[in-house]
Amino acid sequence: MSDNLQNNIIIQTLQAVNELYGAVLPESQVFLQETRKEFDGQITVVVFPFTRYSKKTPEQTGQEIGEYLQQRLPQISSFNTVKGFLNISLNDAYWANLLYTQIIHKAYGTFPTNSQTVMVEYSSPNTNKPLHLGHIRNNLLGYSVAEILKAAGYTVIKANLVNDRGIHICKSMLAWQKFGNGETPESTGLKGDHLVGNYYVIFDQVYKEEIKALVAAGQTEEEAKKNAPLIKEAQLMLQRWEAGDHAVISLWKTMNSWVYAGFAETYRNLGVDFDQYYYESDTYLLGKDIIEEGLAKGVFFRKPDGSVWIDLTADGLDEKLVLRGDGTSVYITQDLGTAQHKYDQYHMDQSIYVVGNEQDYHFKVLFLILEKLGKSWAKGLYHLSYGMVDLPSGKMKSREGTVVDADDLMAEMTETAKARTEELGKTADFPEEDKGRLYHMIGLGALKYFLLKVEPKKRLLFDPKESIDFQGHTGPFIQYTHARIQSVLTKASYKETSALKQPSSLGITEKDLLQALSNYPSIVKAAAQTYSPALIANYVFELAKLYNKFYHEESILKAEEEVTKQFRLTLSAATAAIIAKGMKLLGIEVPDRM
RNA sequence: GCGCCCAUAGCUCAGCUGGAUAGAGCAACGGUUUUCUAAACCGUCGGUCACAGGUUCGAAUCCUGUUGGGCGUACCA
């Protein structure tokens, strides 16, 4: 339903309550909802709140308000009252008109610019290992939220803060140096990020053996972890890196370049991109001036050993270290500095961090500190926290090799899509080059939809033994619906310029479909407000389901009348367009044939 | 210990600011194709919304407590 009519119903209902029962109520007292399927009508006014003023039964009250509304709103064709629910039916002309004047437009569901800028930081990988399923969830969420915000009228900057330095990076470097025998992506044929990741695993294996040996020699586990030669060597390498040692820097650059080439391929396959890269090797020293600022403002305090802290106990949190005793940064020091840096650069109204829920506490502290420092922009910061992706066996751990690799998974999904499609004989007449594209589209559609249909904050269970579905509540189901519509439109040689006339009557499913289409803009708005791709995902599924029902019930090409046929074609085209738009917000492409 | 998050059908999930008899998909069972793509459609089966109180005309939804699970609580990131 259009916002316009919705507002009218609310206003008229309030007037009715005023004129009939002498009560002046705020708009918040009028509750509109979609009429449930088992009753006649499309829109329902909940009349319970008015009965205390009407001093009549809910049925009588509904009846009186219904009559009042019908007299004043020509779009209302009829109404009925069940218990305290006033169910309103809107006439066919209203729905057809809505389709022709609004839904069909290209910009439908895309809001004009609100002149606000928002940064969405996502992905933020470590450069010591390849991406896994957890990262896929992060990337898809970030990309999708960015697209949704664009549709809602924001100017969006997609940012990627690459974690390219630190002890974990040195671990891969050291292991390669010691055990790599000069291996390169070229010499091994391995993707760069996988090659480097292998050495991260090797480091951990050797390190563990050393620990075991030291423990056998009488050291405690804790001592052994500190004293193992390999970890000491890695720490030394980090110091040399920080000192700008040529050999270390050169190795670091080489290995990182391998990883970046690998990531670029993964990102391309996944269909995500970025407007702004930040590298931790550039930003890790930021934040020290903020420490000074905080000390000067009395927000921070220094302990006798020189370390700097903030006391957040009054806010129900702890005392938090913000600078080490030796003057070096901790994680939050960098994040404070980077936040300021980003703001200085873009002056954005909002900044969203797509990061797993294991860091909930960190971001709570980070935002609170910036607020206490008096940063006006701190209120625009938001941690889009999402649940971990777990396997039936528990957490994924890179070092132990219990991860679902991103590249492998995408390849498997594409392969499954291919097998499934060929089994159904759908692509027998496809040109060879189109097949590959289609299989990739469907495979990734299944994967992306699977991950995005779940509310971000909920944790996700992925069972590699149970392959992701292609039927039912899935991406391919929605893609199929789109292809089906395109097929009909092609057969009818449908042109958008077809004369738009009022059909003699509309079926219930047609009206349901129109109502669903009419909800799209408010879904986009809600998804933007709550940063929830899941809202879009579930909406598009409902829409596709409704369309399939309609497709089954009514013949389009063989409609009784030409006007009806044109109307149904227009309705179909509009549905296809919304499906495509909605899926695009999820980063999922839809095919014209499948 | 303290803090945050989660709990809805056998499984995976929806359920908007409280509103009608809690909905989908999968799985199981049955039906639909000489007609626009059967990756579809229709039907059957399946729920004490973790538990106990409270607020309300009305609670899966809000509040409190309990239980179960996850995460965090580092001079790691």
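The values are calculated or read from the model by the stated rules, or taken from the named source; none is laboratory data. Everything numeric here is computed off the predicted structure, so don't read it as measured data. Note that we place each Cβ from the backbone using ideal geometry, even for glycine, and neighbour counts take in every protein chain shown. The area values use the complete protein model at the heavy-atom level, side chains included, leaving out ligands, DNA and RNA. Shrake-Rupley method; radii C 1.70, N 1.55, O 1.52, S 1.80 Å.
Below, the figures for the structure above:
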| read-out | value |
| --- | --- |
| Near pairs, Cβ below 7 angstrom, 6+ apart or cross-chain, from the stretch A:42-53 (under 20 Å from residue A:22 (Cβ atoms)) to any residue that is part of a helix (DSSP H, G or I) and near RNA strand B (Cβ under 9 Å from one of its atoms) | A:47/A:58; A:48/A:58; A:49/A:29; A:51/A:58 |
| Some residue of the stretch A:398-412 being surrounded by 12 or more Cβ atoms within 10 Å (Cβ to Cβ) and within 12 Å of RNA strand B (Cβ to nearest atom) | no |
| Residue A:450 being outside the structural domain of residue A:474 (by TED's automatic domain parsing), crowded, with 18+ Cβ neighbours inside 10 Å and not β-branched (Val, Ile, Thr) | no |
| Matching entry among A:426, A:395, A:448 (being within 28 Å of residue A:535 (Cα to Cα), of a type outside the set (Ser, Thr, Tyr) and modelled with pLDDT under 95) | A:395 |
| Of all residues making up the stretch A:466-489, the number that are touching a residue at least 40 places away in the same chain (Cβ under 8 Å) and either open to solvent by 100 Å² or more (accessible area, probe 1.4 Å) or among the basic types (Lys, Arg) (or both) | 1 |
| The stretch A:26-58, residues that are more than 8 Å from RNA strand B (Cβ to nearest atom) and closer than 15 Å to residue A:76 by Cβ | A:40, A:42, A:43, A:45 |
| Output for the stretch A:320-361, where each listed residue is small (Gly, Ala, Ser) and away from RNA strand B (no atom under 16 Å from the Cβ) | A:351 |
| Count of residues meeting criterion [outside any loop (DSSP other than H, G, I, E, B), within 44 Å of the chain's Cα centre (by Cα) and surrounded by 20 or more Cβ atoms within 10 Å (Cβ to Cβ)] in the stretch A:33-64 | 6 |
| Residues (part of a helix (DSSP H, G or I) and open to solvent by less than 10 Å² (accessible area, probe 1.4 Å)) located in the stretch A:65-97 | A:65, A:66, A:69, A:95, A:96 |
